[in-house]
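A short write-up of the structure that comes next.
The values are calculated or read from the model by the stated rules, or taken from the named source; none is laboratory data. This structure is a prediction, so every number in the text was calculated from the model and none was measured. For neighbour counting, all protein chains shown are included, and Cβ atoms are generated from backbone atoms with ideal geometry for every residue, glycine included.
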Amino acid sequence: MRSESDTARRVSSAEGGTAGTPGVEEEGPETASVDGAPGRSMADEALRFDHVSMVFPDGTHAVDDVSLSVKPGEFVTIVGPSGCGKSTLLRIASGLETNTSGSLFVRRKSLGYVFQDATLLPWRTVGKNIELLAELQGIDKAARAKLVESTVDLVGLKGFEDKYPKQLSGGMRMRASLARSLVLEPKVFLFDEPFGSLDEITRERLNGELLRLFQLEGFAALFITHSITEAVYLSTRVAVMSARPGRILAEFAVPFPYPRTHDLRYDPTFAQLSGEISHALRGAHT
């Protein structure tokens, strides 16, 4: 049976709480040479995949020759068929998987990761879950309390600090998961389809709250979803992946300024862009 420490450190390792991985350039030097690739400036990039491929030990070819970058203050979303390797890219970026070939450049020392499930520890209160990463970083109790207080306000969970995960709705659990990652103010945020299991109204509400946090914090975001509407509403850029092995087939710039209102979803230009992405995605299934 896993101890609290074992489980907590598994969550922490995916959210920037571990030391660097060999062969991965992390925040620090402005240029790097990895896997024989020439040094390139990281000054304006938070995350970059350069010709990344991944073949699992059982022979499954998950992703192939993926090149994609995310700059600070940019929100990039990947859409693609189920099983095409979208989540694998996030796991590579976080250090949970190691790419077979190609180069990865990531500011992993300041990275947040929100999973498909909230992954809250059921025996810890909301407040204790939110402070988990700060606790593992050795931040003292008084400072952690201040971080939790400010983060709880950001995600709209004030008054629920002493509740346990089982006492929360699905949407509130995802807010707590988001708050846990926000507490260390990451510069890079990975989102693995965090709202996919929620009802449409809750999902749209959390989309709006996520965009508010994105504008406030200015992090670089890489988001995974199956919803084209969600992708266009959130993003500065949308990338379409092929069926496995996943490749980037097309990228679409999203022209709408922030902040974005709910009614943007009914704008004719929004509908046109969504249709173009849908057309590319249908091609991804062939």
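Of the conditions (1) part of a loop (DSSP other than H, G, I, E, B); (2) within 15 Å of the chain's Cα centre (by Cα), Ala231 fails just one. Which one is it?
Tallying (1) part of a loop (DSSP other than H, G, I, E, B); (2) within 15 Å of the chain's Cα centre (by Cα), Ala231 fails exactly one: (1).
Could you look through segment 208-248, keep only residues that are among the basic types (Lys, Arg) and under 19 Å from Ser67 (Cα atoms), and pick out the one that is modelled with the lowest pLDDT? Walk me through how you get there before you give the answer.
Residues of segment 208-248 among the basic types (Lys, Arg): 212, 237, 244, 247.
If we keep only those that are under 19 Å from Ser67 (Cα atoms) too, we end up with 237, 244, 247.
Values: Arg237: 98, Arg244: 93, Arg247: 96.
Out of the qualifying residues, it is Arg244.
What are the residues in segment 190-210 that are surrounded by 19 or more Cβ atoms within 10 Å (Cβ to Cβ), in contact (Cβ under 8 Å) with a residue 40 or more places away in the chain and either closer than 16 Å to Leu264 by Cα or in contact with a helix residue (DSSP H, G or I) (Cβ under 7 Å, 6 or more places away or on another chain) (or both), if any?
Of everything in segment 190-210, those that are surrounded by 19 or more Cβ atoms within 10 Å (Cβ to Cβ), in contact (Cβ under 8 Å) with a residue 40 or more places away in the chain and either closer than 16 Å to Leu264 by Cα or in contact with a helix residue (DSSP H, G or I) (Cβ under 7 Å, 6 or more places away or on another chain) (or both) turn out to be Leu190, Asp192, Pro194.
I need the full set of residues from segment 144-165 which are assigned to a helix (DSSP H, G or I) and without any contact (Cβ under 8 Å) to a residue 40 or more places away in the chain, in order please.
Within segment 144-165, the subset assigned to a helix (DSSP H, G or I) is 144-155, 165.
Once the filter is applied, which keeps residues that are assigned to a helix (DSSP H, G or I) and without any contact (Cβ under 8 Å) to a residue 40 or more places away in the chain, segment 144-165 yields Arg144, Ala145, Lys146, Leu147, Val148, Glu149, Ser150, Thr151, Val152, Asp153.
What number of residues in segment 119-136 are among the acidic types (Asp, Glu) and under 12 Å from Ala179 (Cβ atoms)?
Step one: list which residues in segment 119-136 are among the acidic types (Asp, Glu), which gives 131, 135.
Still in the running and under 12 Å from Ala179 (Cβ atoms): 131.
Within segment 119-136, residues that are among the acidic types (Asp, Glu) and under 12 Å from Ala179 (Cβ atoms) number 1.
Go through segment 254-286 and count every residue that is surrounded by fewer than 18 Cβ atoms within 10 Å (Cβ to Cβ), modelled with pLDDT under 95 and touching a strand residue (DSSP E or B) at 6+ places or on another chain (Cβ under 8 Å).
Count: 1.
Residues are listed down the side, and each one gets a yes or a no for (1) surrounded by fewer than 19 Cβ atoms within 10 Å (Cβ to Cβ); (2) modelled with pLDDT under 95; (3) among the hydroxyl-bearing types (Ser, Thr, Tyr); (4) at positive phi:
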residue: Val70; (1), (2), (3), (4): no, no, no, no
residue: Ser82; (1), (2), (3), (4): yes, yes, yes, no
residue: Gly127; (1), (2), (3), (4): no, yes, no, no
residue: Ala142; (1), (2), (3), (4): yes, yes, no, no
residue: Gly170; (1), (2), (3), (4): yes, yes, no, no
residue: Met174; (1), (2), (3), (4): no, yes, no, no
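Do any strands (runs of 3 or more DSSP E) lying entirely in segment 60-143 carry at least 1 residues that are touching a strand residue (DSSP E or B) at 6+ places or on another chain (Cβ under 8 Å) and closer than 20 Å to Ala284 by Cα, and which ones are they? It would help to see each step written out before you state the result.
Values: elements: 61-70, 75-79, 101-106, 111-114.
Counting at least 1 such residues, we get 61-70, 75-79.
Just need a number here: residues in segment 176-190 that are at pLDDT 90 or above and among the hydroxyl-bearing types (Ser, Thr, Tyr).
Within segment 176-190, residues that are at pLDDT 90 or above and among the hydroxyl-bearing types (Ser, Thr, Tyr) number 1.
Run down Glu193, Glu251 and say which single residue is touching a Lys or Arg at 6+ places or on another chain (Cβ under 9 Å) and at pLDDT below 95. Break it down into steps so the answer makes sense when it comes.
Numbers: Glu251 fails: at pLDDT below 95.
Within the list Glu193, Glu251, the selection yields Glu193.
Could you check, for segment 221-233, whether at least one of its residues is within 27 Å of Glu45 (Cα to Cα), of a type in the set (Asp, Glu), out of contact with any Asp or Glu (no Cβ under 8 Å at 6 or more places or on another chain) and buried (at least 18 other Cβ atoms within 10 Å of the Cβ)? Before the answer, list the steps.
Taking segment 221-233 and keeping what is within 27 Å of Glu45 (Cα to Cα), we get 221-233.
Going one step further and asking which of them are of a type in the set (Asp, Glu), we end up with 230.
Remaining after also requiring out of contact with any Asp or Glu (no Cβ under 8 Å at 6 or more places or on another chain): 230.
Going one step further and asking which of them are buried (at least 18 other Cβ atoms within 10 Å of the Cβ), we end up with 230.
For segment 221-233, residues within 27 Å of Glu45 (Cα to Cα), of a type in the set (Asp, Glu), out of contact with any Asp or Glu (no Cβ under 8 Å at 6 or more places or on another chain) and buried (at least 18 other Cβ atoms within 10 Å of the Cβ): present.
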